[in-house]
Amino acid sequence: MQAQPDFDDLKVIAFDVFGTVVDWHGGIAAEVERLLPGVEGGAFALAWRAGYQPAMRAVMDRIATGEGGFTLIDELHLNILEGVLREVGVTRLDAAQKRELNRAWHRLPAWPDAVAGLARLKSKYIVCTLSNGNIGLLTEMAKHAGLPWDCVLSAEVFKAYKPDPRTYLGVAGVFDIAPRQVMLAAAHHDDLAAARACGLRTAYIERPHEFGRDQPKDVSPQAGNDLHVRDIGALADRLGC
């Protein structure tokens, strides 16, 4: 299949990771139930993830006012974990056990289409991460799940979390190309909208079960995205890989 002419100058496909490439809900739920017998993993995973956006906003607010520096997602996850453990009444974990549970984010499973789909795209494009996850986390995750990235880019590189424009434009800067030569692939419309505002191409990837099978997500198309696809293999189809 030939690529669409509109993508002839495309060089890099940058992927959101959590939810788009890996199943954070299923992975965290399984690890919680392994490490915390008797705790319902699905609800715990949702509560842990719910603290993510507020924690990032707090860090960026502190940076903007000069009251603090950039914080790695590993540290944010650990701080959020402390609160979730209190909420569910788990008080028996020591510091080492909490850190082991926190590293569940490093061991998330890839969606079934991810590894083969990325390999196909890699045959024609540079494929990299663009995630708020830190470099160590993303690298260990790739090793664990077999994700064939050409490059791991992270908010840590740009000292800013998505949707800060420095992250999206930073990808183009790393590879010395124009923003329109970068495509962000993500399962989140807000991420894609921020990328489009910076001049990137965008591809929406459907992940209806990102929050678990009991909470299906609306994956309807939205105006503005260059592509809307079922999964990463379908993205490779559309781009002629």
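The values are calculated or read from the model by the stated rules, or taken from the named source; none is laboratory data. Quantities reported herein were computed from a predicted structural model and do not represent experimental measurements. Neighbour counts are summed over all protein chains in view; Cβ atoms, including those assigned to glycine, are modelled from backbone coordinates with ideal geometry. Heavy atoms of the whole protein, side chains included, go into the accessibility calculation; ligands, DNA and RNA do not. Shrake-Rupley method; radii C 1.70, N 1.55, O 1.52, S 1.80 Å.
Summary table
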item: Bins of 10 Å from zero: percent of alpha-carbon pairs in the stretch 103-241; result: 12, 41, 41, 6, 0
item: Portion, in percent, of the accessible area of the chain that falls on carbon or sulfur, probe 1.4 Å; result: 53 percent
item: Mean separation of Cα contacts under 8 Å (6+ apart) over length of the stretch 91-149, as relative contact order %; result: 48 percent
item: The chain: Cα Rg divided by the 2.2 N^0.38 Å rule of thumb; result: 1.01
item: Bins of 5 Å from zero: percent of alpha-carbon pairs in the stretch 89-180; result: 2, 13, 18, 19, 18, 14, 7, 5, 2, 1, 0
item: Acute angle (nearest 10 degrees) that the helix 135-145 long axis makes with the longest principal axis of the chain, alpha-carbon atoms; result: 80 degrees
item: For the stretch 1-143, with +1 on Lys and Arg beta carbons and -1 on Asp and Glu, the positive-most of 119, 64, 26 along the dipole; result: 119
item: Per residue accessible area of the chain, 1.4 Å probe, in Å²; result: 44 Å²
item: The stretch 30-130: chymotrypsin sites (Phe, Trp or Tyr not before Pro) falling in loop per DSSP and having at most 16 other Cβ within 10 Å; result: 70
item: Rounded to 5, percent antiparallel among DSSP beta bridges of the chain; result: 5 percent
item: Per residue convex hull volume, Cα atoms of the stretch 62-135, in Å³; result: 147 Å³
item: Value of D in µm² per second that Stokes-Einstein yields for the stretch 177-241, Kirkwood Rh from Cα pairs, at 37 °C (0.692 mPa s); result: 266 µm²/s
item: Efficiency of FRET between residue 50 and residue 70 - r from beta-carbon atoms, R0 25 angstrom, step 0.05; result: 0.70
item: Degrees between helix 73-88 axis and first principal axis of the chain (Cα, 0 to 90, nearest 10); result: 40 degrees
item: Note, ³J(HN,Hα) from phi for the stretch 6-22, Karplus 6.51, -1.76, 1.60, rounded to Hz, x at Gly and Pro; result: 4, 9, 4, 9, 5, 10, 10, 10, 9, 10, 4, 10, 5, x, 8, 9, 10
item: Cys residues of the chain counted as unpaired, since no other Cys beta-carbon is under 4.7 Å; result: 198, 241
